[in-house]
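Novice: Here it is, the structure, as structure tokens.
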2 protein chains.
Amino acid sequence: MSAEGGRVEAIALDGIPEVGVGDDLGRLIGDAIDRTAGPLPLRPDDVVVVTQKIVSKAEGAIVDLTTIEPRREATVFAERWDRDARQIEVVLREARRVVRMDRGVLITETPHGFICANGGVDASNVGPESGSIVTLLPRDPDASARAIRAAIRGRFGTDVPVIVSDSFGRPWRWGITDVAIGVSGLIPIEDLRGREDADGRVMKSTIRASADEIASAAELALGKVDGRPVAVVRGARPLLGEGSIADALMAREFDLFP
Amino acid sequence: MSAEGGRVEAIALDGIPEVGVGDDLGRLIGDAIDRTAGPLPLRPDDVVVVTQKIVSKAEGAIVDLTTIEPRREATVFAERWDRDARQIEVVLREARRVVRMDRGVLITETPHGFICANGGVDASNVGPESGSIVTLLPRDPDASARAIRAAIRGRFGTDVPVIVSDSFGRPWRWGITDVAIGVSGLIPIEDLRGREDADGRVMKSTIRASADEIASAAELALGKVDGRPVAVVRGARPLLGEGSIADALMAREFDLFP
């Protein structure tokens, strides 16, 4: 099946090993790109999507829960809702503000401005025999993306945008979708209101969250099993430029769900 | 570039004409699949994603705003926030409940249970010289998906799931992403908690909103310009079955943002 343009592909990279604190992610991702066969390993219309967990681990953004003494509020909430009081404590310590803390769900605003469940603190699948380790969000996910982009450009000579992604829930709907939490080399949202395309057709009258859709497409390829933390998304053609994930975050004065 | 599995492709179909009330969407989509070159037009791991607007138009889920007399509440809101009072009136008529009506933004719950801006009533790009026409959401988007799936199965002998998609905003982040509003032949969310894969690795401890991610991947291929309303997403391998979009909607008792 072929179609002129209008084709986007997400390809999971094989061969990223278990990542540890201090590992050189740019090198590991470069190795995985090298290992993936093909006459042209990277194309200018590629975007590299790296999931949060390996970024946090490489950067040492992890906490051992055995070192955490939960405050009383965390213990009460955890006992009532069958959760780990130490993880609740870590989420509260990391939070700029608690948005909701009810029915076992803790939604906070992180220092970056993300509003998400557990402030992005994640206990799942951090590594074998590491039941007490949780990952925090990277301190500066744009900087994480920038460093990986620079490593790829240095090694392959191709400047491709990089997205750091994470799985967020949404109000009103079950399930998580992957969204961008850090970007380098692209603008995460595209304001198409009133613009015309080359044929004079009016473009969609919307602001498109391109980086989030690219993160979701990558997740589909990375699939249902851990161990594939990096994908290349080809052909999505986001708006290139020196954007920041902050561009995608709504200021408080526009927020109808504070 | 190749990778074992872990590859998902979204392909925009060319050649869907302007759709009008009463048009046979199944036939038009079948024609577009036929027209798209390739030895095997559809594969069992394909999902067909159809955007809401052509479904609504084919089903006659449209309103001519010149026939609408806005209530006082709609007029006051529209004047204050520079909006069309007749569109506000249509949104209020369609709503099961108003979730937020503030700062120019009207968020309602639709009869289907979707919570979204303007209740899915959409004035953009409905067709040439149709400035006063808005589309409503299809009355039963699962049924719309089911009819298209049956038409494709009847014509090609391949039973592929169908998603009807629409562009929704989210709290806290700018921009819209495409999500599923109707499904046939797949389960829209996948509960992977605690399951193991073939190698005994524990799968991600999450509920995955697969149908929404497939809709977003399709949107990336459909791109920035109207006129390409249907995509095939290949290789995403959602959970097959007779699901309903209602499976993806959170019941009120779990909703922290009423």
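Novice: Any chance region A:136-155 includes a residue that's among the charged types (D, E, K, R) and within 13 Å of chain B (Cβ to nearest Cβ)?
Specialist: Of region A:136-155, the ones among the charged types (D, E, K, R) are A:139-140, A:142, A:146, A:149, A:153, A:155.
Subset that is within 13 Å of chain B (Cβ to nearest Cβ): none.
The answer is no; no qualifying residue exists.
Novice: Also, I was wondering about something else. Of (1) of a type in the set (Ser, Thr, Tyr); (2) under 19 Å from residue A:55 (Cα atoms); (3) in the same structural domain as residue A:46 (by TED's automatic domain parsing); (4) surrounded by fewer than 24 Cβ atoms within 10 Å (Cβ to Cβ), residue A:144 satisfies all except one. Which?
Specialist: (4)
Novice: Does residue A:253 count as at pLDDT 95 or above, out of contact with any Gly (no Cβ under 8 Å at 6 or more places or on another chain) and within 30 Å of residue B:114 (Cα to Cα)? I'd like the intermediate steps shown before the answer.
Specialist: Details: at pLDDT 95 or above: no; out of contact with any Gly (no Cβ under 8 Å at 6 or more places or on another chain): yes; within 30 Å of residue B:114 (Cα to Cα): yes.
Here the answer is no, as residue A:253 does not meet what is asked.
Novice: Collect the residues in region A:157-184 that are out of contact with any Gly (no Cβ under 9 Å at 6 or more places or on another chain) and facing another protein chain (nearest Cβ under 9 Å), keeping them in residue-number order. So that I can check it myself, show each step before the final result.
Specialist: Step one: filter region A:157-184 for residues out of contact with any Gly (no Cβ under 9 Å at 6 or more places or on another chain), giving A:157-158, A:167, A:170-171, A:173-174, A:178-180, A:182.
Matches in region A:157-184: A:167, A:170, A:171, A:173, A:174, A:178, A:179.
Novice: Taking only pairs six or more apart or across chains, which ones have beta-carbon atoms under 7 Å, a first residue in region B:69-80 that is touching a residue at least 24 places away in the same chain (Cβ under 8 Å), and a second residue that is polar (S, T, N, Q)?
Specialist: Taking only residues 6 or more apart or on different chains, not a single pair turns up.
Novice: Consider region A:10-28. How many of its residues are surrounded by 23 or more Cβ atoms within 10 Å (Cβ to Cβ) and in contact with a Gly (Cβ under 6 Å, 6 or more places away or on another chain)?
Specialist: Total meeting the criteria: 1.
Novice: Among the residues of region B:206-231, write down those that are at the interface with chain A (Cβ under 7 Å from one of its Cβ atoms), crowded, with 24+ Cβ neighbours inside 10 Å, more than 18 Å from residue A:190 (Cβ to Cβ) and hydrophobic (A, V, I, L, M, F, W, C).
Specialist: Those that are at the interface with chain A (Cβ under 7 Å from one of its Cβ atoms), crowded, with 24+ Cβ neighbours inside 10 Å, more than 18 Å from residue A:190 (Cβ to Cβ) and hydrophobic (A, V, I, L, M, F, W, C): B:209, B:214.
Novice: Hey, among the residues in region B:189-205 that are within 8 Å of another protein chain (Cβ to nearest Cβ) and closer than 30 Å to residue B:144 by Cα, which one's modelled with the highest pLDDT?
Specialist: Result: B:189.
For (1) crowded, with 18+ Cβ neighbours inside 10 Å; (2) part of a helix (DSSP H, G or I); (3) assigned by TED's automatic domain parsing to the domain that holds residue B:222, each residue gets a yes or a no:
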residue: B:30; (1), (2), (3): yes, yes, yes
residue: B:33; (1), (2), (3): yes, yes, yes
residue: B:48; (1), (2), (3): yes, no, yes
residue: B:54; (1), (2), (3): yes, yes, yes
residue: B:69; (1), (2), (3): no, no, no
residue: B:73; (1), (2), (3): no, yes, no
residue: B:76; (1), (2), (3): no, yes, no
residue: B:92; (1), (2), (3): yes, yes, no
residue: B:101; (1), (2), (3): yes, no, no
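Novice: Among the residues of region B:103-125, write down those that are more than 22 Å from residue B:142 (Cβ to Cβ) and in a loop (DSSP other than H, G, I, E, B).
Specialist: Passing the criteria: B:103, B:104, B:123, B:124, B:125.
Novice: Could you please find all residues in region B:144-182 being closer than 20 Å to residue B:122 by Cβ, in a strand (DSSP E or B), touching a residue at least 24 places away in the same chain (Cβ under 8 Å) and of a type outside the set (Gly, Ala, Ser)?
Specialist: Once the filter is applied, which keeps residues that are closer than 20 Å to residue B:122 by Cβ, in a strand (DSSP E or B), touching a residue at least 24 places away in the same chain (Cβ under 8 Å) and of a type outside the set (Gly, Ala, Ser), region B:144-182 yields B:163, B:164, B:166, B:168, B:177, B:178, B:179, B:181.
Novice: Right, here's the next one. Among residues belonging to region A:235-257 that are crowded, with 19+ Cβ neighbours inside 10 Å and touching a Leu at 6+ places or on another chain (Cβ under 9 Å), point out the one that is nearest to the other protein chains (Cβ to nearest Cβ).
Specialist: Here the residue is A:236.
Novice: Give region B:38-67 a look and list any residue that's in contact with a strand residue (DSSP E or B) (Cβ under 7 Å, 6 or more places away or on another chain) and hydroxyl-bearing (Ser, Thr, Tyr), or say none.
Specialist: Scanning region B:38-67 gives B:51, B:56.
The values are calculated or read from the model by the stated rules, or taken from the named source; none is laboratory data. None of the values given here were measured: they were computed from a predicted structure. Because the Cβ atoms are built from the backbone with ideal geometry, glycine has one as well, and the counts that use them run over all protein chains shown.
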